[in-house]
1. Return the loop-located chymotrypsin sites (Phe, Trp or Tyr not before Pro) in the range 6-96 (DSSP other than H, G, I, E, B) with at most 15 other Cβ atoms within 10 Å of their own Cβ; answer none if there are none.
2. For every other residue with a beta carbon closer than 15 angstrom to the beta carbon of VAL27, add +1 if it is Lys or Arg and -1 if Asp or Glu, then tell me the sum.
3. Rounded to the nearest 500 deg cm²/dmol, what is the calculated helix-only ellipticity per residue at 222 nm for the chain, with -39500 (n - 2.57) per DSSP H run of length n ≥ 4?
4. At 4 °C and a viscosity of 1.567 mPa s, what translational diffusion coefficient does Stokes-Einstein give for the chain, taking Rh as the Kirkwood radius over Cα pairs? Give it in µm²/s as a whole number.
5. Under the Karplus relation 6.51 cos²θ - 1.76 cosθ + 1.60, θ = phi - 60°, what is the ordered set of whole-Hz ³J(HN,Hα) values for the range 109-114, x standing for Gly and Pro?
6. Return the long-range amide H neighbours of ILE103 (sequence gap of 5 or more, or a different chain), with a cut-off of under 5 Å between placed amide H atoms.
7. With the crude spin-label approximation of a point 7 Å out along Cα→Cβ, what separation in nm comes out for SER113 versus GLU129?
8. Give the accessible surface of the chain per residue, rounded to a whole number of Å², with probe radius 1.4 Å and ligands, DNA and RNA excluded.
Amino acid sequence: MLKPDALNAGNIGGITKMIEEAGFKIVAMKKTRLTPELAGKFYAIHKERPFYGELCAYMSSGPIMPMILEKSNAVEDFRKLIGATDPKKAAPGTIRALFAKSIDANAIHGSDSDANAEIEGNFFFSQFERF
Ligand code: ATP
Ligand code: MG
């Protein structure tokens, strides 16, 4: 999912280019916006963390672009491609090193397991939006 800062900065093209060049097939993609309630639902796994309120406020502050991506070993390879959560710690050449502004405005979200990728894909897309 591209976060509001990535869309505001005009980085849809730059980031999706890197995703495709890394061998991911974009199966579904759209521009949409979360309400604070929906952001809270999406990030429910972080409910107990101190930054949960800020995270939900930030993720509903502007449009986002969720995607379903396909590749072998997708979760692990995608997390390598996006880099560390804090862009100051993200390896050179990763999406967050190149495009993220701060730990909250960090350009992109990646699922952390196959099970969560399934849940998160179903959160945003119906079966008719996947090709
Ligand atoms: P994501 O789930 O968005 O791919 P991540 O898996 O690298 O990121 P998580 O630990 O799952 O990181 O945290 C989810 C999001 O919450 C982060 O992307 C970041 O925007 C925000 N976040 C994480 N830690 C902090 C923090 N210490 N302060 C502020 N925001 C944070
Ligand atoms: Mg995470």
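1. Values: sites: PHE24, PHE42, TYR43, PHE51, TYR52, TYR58, PHE78; in loops: PHE24, TYR43, PHE51.
Counting only loop positions with at most 15 other Cβ atoms within 10 Å, the chymotrypsin sites (Phe, Trp or Tyr not before Pro) in the range 6-96 are PHE51.
2. Working: positive: LYS25, LYS30, LYS71, ARG130; negative: GLU20, GLU70, ASP114, GLU118, GLU120, GLU129.
Combined, the nearby Lys, Arg, Asp and Glu give -2.
3. Working: 7 runs with 55 residues, N = 131.
Value at 222 nm, helices only: -11000 deg cm²/dmol.
4. Details: Rh = 14.9 Å.
In µm²/s, the coefficient is 87.
5. For the range 109-114, the Karplus-derived couplings read 10, x, 5, 9, 6, 4 Hz, x marking Gly and Pro.
6. The list, which skips near neighbours in sequence, is empty: none.
7. 2.5
8. Details: 7260 Å² over 131 residues.
Using a 1.4 Å probe on heavy atoms only, each residue of the chain averages 55 Å².
The values are calculated or read from the model by the stated rules, or taken from the named source; none is laboratory data. Because the structure is a prediction, the values reported are computed rather than measured. Positions of Cβ are backbone-derived with ideal geometry, glycine not excepted, and every protein chain shown enters the neighbour counts. Heavy atoms of the whole protein, side chains included, go into the accessibility calculation; ligands, DNA and RNA do not. Shrake-Rupley method; radii C 1.70, N 1.55, O 1.52, S 1.80 Å.
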